[in-house]
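Okay, structure first, notes after.
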Amino acid sequence: MTAQANPVSSPTRIYFADLDGWGRDDQSAALAAFRRSCARILALAPDAPLDVKGGDPLYGKAGDWQPACRAATGSIGPGAGNARGFFQHWFVPVRFPAERGLFTGYYEPEMRGSLTRGGVYQTPVLAPPPGFRMVAGGGNFPTRAEIEDGALDTEGLALLWLESPIDAFFLHVQGSGRVRLPAGEIVRLTFAAKTGHEYTSIGKLLVERGEMTLEQVSMQTIRAWLEAHPAEGRALMQQNASYIFFRILRDVDETLGPPGAEQVNLTPGRSLAVDRSHHPLGTLLWLTTTHPTVDGQSMVPVARLMVAQDTGSAIKGRQRGDIFFGFGHDAGEIAGRMKAEGEFVALVPKEIAP
């Protein structure tokens with residue numbers, strides 16, 4: 001790939017030494033995540049795009065990545081015994097034109113539910129209707145409000161029933177979750193489909209209504225408002241017309257997350273949701289930002305190698321990402337408060353780097 005004519009607006013090849021924190025990051029977890037992406041990349045034709053959604057031409061084609069992927073899986077060339085050495089052998093960092101963006105977080109929540117409806121368990125989690133196909137804009141398909149008011153046969157589509165409608169709403173926002181049944185068994189749910197109606201941020205709506213400031217918005221403050229205003233909260237949640245359908249996730253390592261948009265299991269702290277029109281799934285991104293501590297009282301520097309393995313309705317722009325923090329209480333406290341400026345630097349195969 002030849003460099004573009006305008007050096008001001010073109011991505012610029014830099015050195016690993018220019019990445020503040022590169023020598024301190026343990027890239028072994030990133031390499032494990034990258035191997036999972038490589039299973040998909042190696043199955044592509046060499047001249048195929050890395051991602052059907054396109055992405056910046058900077059990243060090249062699948063064939064440009066396949067030698068590194070074969071090495072990562074141990075079949076050819078300098079292998080992955082030393083993760084940092086592996087990435088330095090096969091890739092070079094490429095900085096985008098000077099800009100910073102917004103980075104947020106998501107996680108796999110745990111909530112209480114039952115396989116049968118009864119008592120406090122009244123909020124269904126639905127599988128897609130038979131033959132369902134998403135239509136951009138939602139078409140004539142029912143909105144969230146219409147579905148919650150009975151537009152679909154919830155009895156026939158329900159995978160299980162949750163204790164809290166607020167839990168159900170945040171399950172839709174996160175796209176996956178773990179449900180603890182009355183006997184203690186855990187059922188894992190993951191994204192199956194969405195209606196196609198536009199996603200609306202209820203945090204933004206609360207700001208517009210003067211209920212809180214933009215700086216105050218977090219998962220924790222939104223949940224607190226919904227719990228304090230149950231009737232108004234239901235109407236507010238229904239302002240987000242988008243509705244998510246799920247499937248039960250089986251036989252997955254409990255330390256890994258659910259499959260992301262790339263259909264590989266997410267790695268806590270190393271998998272990233274991106275805008276696929278800029279960054280194809282499976283690509284490598286060096287991220288510098290900060291994230292909050294569990295108690296929300298301070299911020300921790302982040303400088304680590306990430307793998308683009310997911311996407312999201314609110315993730316728009318080249319310098320915009322959503323970090324997967326894993327599951328459990330601590331992951332939820334961090335992800336719910338995560339909202340910080342930061343920067344991506346791409347790692348690109350040497351042969352095609354500008």
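We did not get these values from a lab; they are worked out from the coordinates using the rules stated. These numbers come from a predicted model, not from an experiment. Neighbour counts run over all protein chains shown; Cβ positions are idealised from the backbone, glycine included.
For LYS61, the lysines whose Cα comes closer than 28 Å to its Cα, not counting residues fewer than 8 places off in the same chain, are LYS53, LYS316, LYS350.
One chain, two ends: THR213 and ARG24. Fully extended at 0.36 nm per residue, the span grows by 64.4 nm beyond their Cα-Cα distance.
Amide H contacts of ALA48: ALA62, GLY63, each under 5 Å away and 5 or more positions distant or on a separate chain (H built 1.01 Å from N in the peptide plane; Pro and chain starts excluded).
Work out, step by step, the length gained on full extension between ARG247 and VAL294: first 0.36 nm times the residue separation, then minus their alpha carbon distance; give nm to one decimal. Residue separation times 0.36 nm, minus the Cα-Cα distance, leaves 13.9 nm.
Ranking THR213, TYR107, HIS278 by Cα position along the charge dipole of the chain, where only Lys, Arg, Asp and Glu carry charges on their C-beta atoms, puts HIS278 farthest toward the positive end. For the stretch 272-286, backbone nitrogen atoms closer than 15 Å to the point 7 Å from ARG95 Cα along Cα-to-C-beta are found at 286. Note on the chain: dipole from Cβ charges, positive end direction compared against GLY260, ILE14, THR289; the farthest Cα belongs to ILE14.
In this label model, ASN82 and ALA136 are separated by 4.9 nm, measuring between points 7 Å along each Cα→Cβ vector.
Where only DSSP H runs of four or more residues are counted, the chain gives -6500 deg cm²/dmol as its mean residue ellipticity at 222 nm, each run worth -39500 (n - 2.57). For a test of the definition: using alpha carbon positions, the gyration tensor, and the 1.5 limit on a/c, classify the stretch 171-219 as rounded, prolate or oblate. Here the stretch 171-219 falls in the oblate category.
Which is the longest run of the chain containing none of the trypsin sites (Lys or Arg not before Pro) found in DSSP loop states (not H, G, I, E, B) with at most 16 other C-beta atoms within 10 Å?
Values: sites that count: ARG24, LYS53, ARG100, ARG117, ARG133, ARG209, ARG250, LYS316.
It works out to 134-208.
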